[in-house]
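The values are calculated or read from the model by the stated rules, or taken from the named source; none is laboratory data. None of these values were measured; they are calculated from a predicted model. Cβ: placed from backbone, ideal geometry, glycine included. Neighbour counts: every protein chain shown. To get the accessible areas, we keep the full protein, side chains included, count just its heavy atoms, and leave off ligands, DNA and RNA. Shrake-Rupley method; radii C 1.70, N 1.55, O 1.52, S 1.80 Å.
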Protein chains: 2
Amino acid sequence: MADRPMMHQVPSGDASGSSPADVAPAPEPTHAERCRTLVAGSSRGALSTLTTDPVGYPYGSVASYALDARGNPLFFVSLMAEHTQNAIRDPRASLLVTEPVPDGADPLASGRATLIGRLDAIGEEGRAAVRDVYLAANPSSAYYIDFGDFVFYRLTVESIRYVGGYGRMSWVDSEAYASSEPDPLADAAVGIIEHMNADHAEAQVLYCRHLAGHPDTTSASMSSVDRYGFEMIAVTPTGRHAVRLGFPEPCTDGLQVRQAMVALVTDARRLAG
Amino acid sequence: MADRPMMHQVPSGDASGSSPADVAPAPEPTHAERCRTLVAGSSRGALSTLTTDPVGYPYGSVASYALDARGNPLFFVSLMAEHTQNAIRDPRASLLVTEPVPDGADPLASGRATLIGRLDAIGEEGRAAVRDVYLAANPSSAYYIDFGDFVFYRLTVESIRYVGGYGRMSWVDSEAYASSEPDPLADAAVGIIEHMNADHAEAQVLYCRHLAGHPDTTSASMSSVDRYGFEMIAVTPTGRHAVRLGFPEPCTDGLQVRQAMVALVTDARRLAG
């Protein structure tokens, strides 16, 4: 984690996520980190290229991808496919990646990122290096990974549009994206949330009452967790409040999260007096 | 159904879906009909537009949509959104719509359609006519449907790329798409398939043995159904075979499907002798 840029964004102060004035803003992932995590969490997106006939219409197609070390998408495409022919004529392209939308949820409230850049063929000399990376992310490509009429392409990202839901959006610096790490807790998050909500409801009430500025909390449940902290919905007599708490130190695995949660309970009990 | 173009595509004769030579090809939806059904079955896609700065990169974004009577997508977009600003400068656009991918399935085996055309604002005089259509398809838009900084746009489709999975793809004529009807069984299909596989396994074996040219079928299950017929996987001592059977007449609801299935059982028993 040493070379991770320290550019945490403070909460934006929207109504649903506001913190009382006497509570310090909790650290949270940068938009660059959120993008990198979002894109690393999928292997399929909408690739936009420019048509050849007529020239220049934007053309969306489905594409599977893997990521290189800087988060540039790698594609394995048929030379006959429309998007490949498009990229050969004009390399300008983008990849749209979206978070899964829970059943019944508003799709526009989910996160998505558009990686904009240039889509160039990877020559024979680079093929071996990307082949295994691609196969690991796309196991179903194994049966055509050595077809002669398929080629690897790389989208070299030049700019990024991030939309985290209503009101959370920005243009993300491509270098910040390239040097960010996907959230190390991304795969563990669902399990951590289920565990906290099943077995540690009381601790969450303590957090909300004594660490998050909602002393009248009657119940609380975790809604998300990342390396820097976690979010809860605190229920009070005045309604439901989105609350974020930071970990004492960034966490890279479930064991560190557990230790941080225990430390926060100790803090909360001390403040409860 | 009277004005539906009669342009059924005969099976393409690929190895997995081949019919024995003595069985007539079963009618099936045209690609235009498949596209129209696919697009009507969703309300969310990837909208590709052309960026303003720098000019002309293809830019993918998430967009909810409804359809007008000719299958042109209608959008309700913020004037501040990137895709809106893009369309104002250059109306060339496309909408990519994908079928849901079952868990664990190869995403590239699922159907998708790219509708390519021009994205133009719908003026105040047209707003009332599309407002209710849009709301019906996107109930969650109700709370901002009357915001002043949101406008309706229509993508007037000029050409369509359809990919039904590996090897099933074509450019679809935009007029054929506009005059097609979505499959009337689309919503009922899952229930029909479950019912047939739970309660009518024996009938399906009869179909495969006596109507579909696989007299050595030992078991069979339905995999899809549409207005013109249905597909089954027939299991024989030599393997699994994709089989399609046509209905005597196109069916528009579950009752007609039931009657058709009964008629086919009668046919199969007669041929069984």
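Structural remarks
- Comparing mean-square fluctuations of B:Ala242, B:Ala105, B:Ala186 from a GNM of chain B with C-alpha springs under 10 Å, the top value falls on B:Ala105.
- Amide H to amide H, with H built 1.01 Å from N, A:Glu158 comes under 5 Å of A:Ile116, A:Gly117, A:Arg118, counting only residues 5 or more places away or on other chains.
- Delta accessible area of at least 40 Å² on complex formation, residues of the stretch B:63-112, 1.4 Å probe, chain isolated as reference: B:Glu82, B:Arg92, B:Leu96, B:Pro107, B:Leu108
- With 10 Å bins from 0: P(r) over the protein assembly as shown, alpha-carbon pairs, percent: 3, 16, 23, 23, 19, 12, 4, 1, 0
- Extension reserve of the A:Arg127-A:Ser140 stretch, reckoned as 0.36 nm per residue once the Cα distance is removed: 2.9 nm
- Under 5 Å between amide hydrogens, built in the peptide plane, is the criterion, and for B:Ser223 it picks out B:Glu231, B:Met232, B:Ile233 among residues at least 5 positions away or on other chains.
- Mean residue ellipticity (222 nm) of chain B, computed from DSSP H runs ≥ 4 via -39,500 (n - 2.57), nearest 500: -8500 deg cm²/dmol
- Amide H partners (placed H, <5 Å) of B:Thr236, local residues excluded: B:Thr218, B:His241
- Where labels lie 7 Å past Cα in the beta-carbon direction, separation of B:Leu271 and A:Ser219 in nm: 6.0 nm
- Distance between modelled label sites at B:Tyr166 and B:Ala263, nm, 7 Å Cα→Cβ extension: 3.6 nm
- Between this copy and the others, label points of A:Thr266 are 8.1 nm apart in ascending order, each placed 7 angstrom from Cα in the Cβ direction.
- Distances between equivalent label points of A:Gln85 across the copies, with each point positioned 7 Å along Cα→Cβ, amount to 3.4 nm, shortest listed first.
- A simple rule links phi to the HN-Hα coupling: the Karplus curve 6.51 cos²θ - 1.76 cosθ + 1.60 with θ = phi - 60°, which for the stretch B:48-53 gives 9, 10, 10, 5, 9, 8 Hz, with x for Gly and Pro.
- Net charge of neighbours whose Cβ lies under 13 Å from the Cβ of A:Val62, counting Lys and Arg as +1 and Asp and Glu as -1: 0
- Inter-centroid distance (Cα atoms) of the stretch B:33-48 relative to the stretch A:99-138, Å: 22 Å
- Sequence-ordered 3J(HN,Hα) estimates for the stretch B:209-214 from the Karplus curve with 6.51, -1.76 and 1.60 and θ = phi - 60° stand at 5, 10, 10, 10, x, 10 Hz, glycine and proline given as x.
- Under the Karplus curve 6.51 cos²θ - 1.76 cosθ + 1.60, θ = phi - 60°, whole-Hz ³J(HN,Hα) for the stretch A:63-77, x wherever Gly or Pro sits: 9, 8, 8, 10, 10, 7, 5, 9, x, 6, x, 10, 10, 10, 10
- Placing a label point 7 Å from Cα along the Cα-to-Cβ axis, A:Trp171 is separated from the same position in the other copies by 3.5 nm, shortest listed first.
- Whole-percent carbon and sulfur share, accessible surface of chain B, 1.4 Å: 55 percent
- Taking 7 Å steps out from each Cα toward its Cβ at B:His200 and B:Arg118 produces label points 4.8 nm apart.
- For the stretch B:33-179, a simple Cβ point-charge model (Lys and Arg +1, Asp and Glu -1, everything else neutral) yields a dipole of about 280 debye relative to the Cα centre.
- Of the three principal axes defined by the Cα atoms of the stretch A:33-179, the extents in descending order read 45, 37, 33 Å.
- Remark: the Cα gyration tensor places the stretch A:113-267 in the prolate category, a/c being 1.5 or greater and a/b exceeding b/c.
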